[in-house]
Amino acid sequence: MPIAVLGLILLSVTMSAVAQVLFKTGMSSGSVKQAIASGSAVDIALAVGLSPGILGGLSLYGVGTILWLGVLSRTEVSQAYPFVGLGFVFTALVGYWLFGDTLGPARIGGIVLVMAGIALIARS
């Protein structure tokens, strides 16, 4: 796989993973939590729709998708798609460090397996 394609893959996957972190940040904000507590669908929709975290996440997903289209035009989908698993690794680690998510033995084992699978596919 050419290094330029690998770079596009890693950038696209990273943008999607950061988008997830922004979504979590947006949904954890006080204004969104307050709107959810009010129970009003309109209040919830406005709070979510105007949340900087949600808007930032959507923007990153959009740019990441455009980059992903560039990847798909340059390589086999069966070789590129497994790299999406790196997003799981990234979000698990960031979730642990930033949000205090649980990262027990089963998740750590899963992360190791995902990384091993990606390494195998990258070599093919």
Separation of alpha-carbon centers, region 93-124 and region 1-67, rounded to whole Å: 21
Helical contribution to [θ] at 222 nm, DSSP H n ≥ 4, -39,500 (n - 2.57), averaged over the chain, rounded to 500: -25000 deg cm²/dmol
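Kirkwood hydrodynamic radius for region 3-123: how many Å is it when counted over pairs of different Cα atoms? Numbers along the way, then the final one.
Values: mean 1/r = 0.0631 Å⁻¹.
Radius from the Kirkwood sum: 15.8 Å.
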Folded to 0 to 90 degrees: helix 52-72 orientation relative to the chain principal axis, Cα: 20
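In debye, nearest 20: dipole of the chain around its Cα centre with unit charges on the Cβ of K, R (+) and D, E (-)? The partial results should precede the final answer.
Values: 5 positive and 3 negative charges, 30 e Å.
Approximately 140 debye in magnitude.
A short reminder: the numbers here are calculations on the coordinates, not readings from a lab. Note that the structure is predicted; figures quoted are calculated from it, not measured. When we count neighbours, we look across all protein chains shown, and the Cβ atoms used for this are built from the backbone with ideal geometry, even at glycine.
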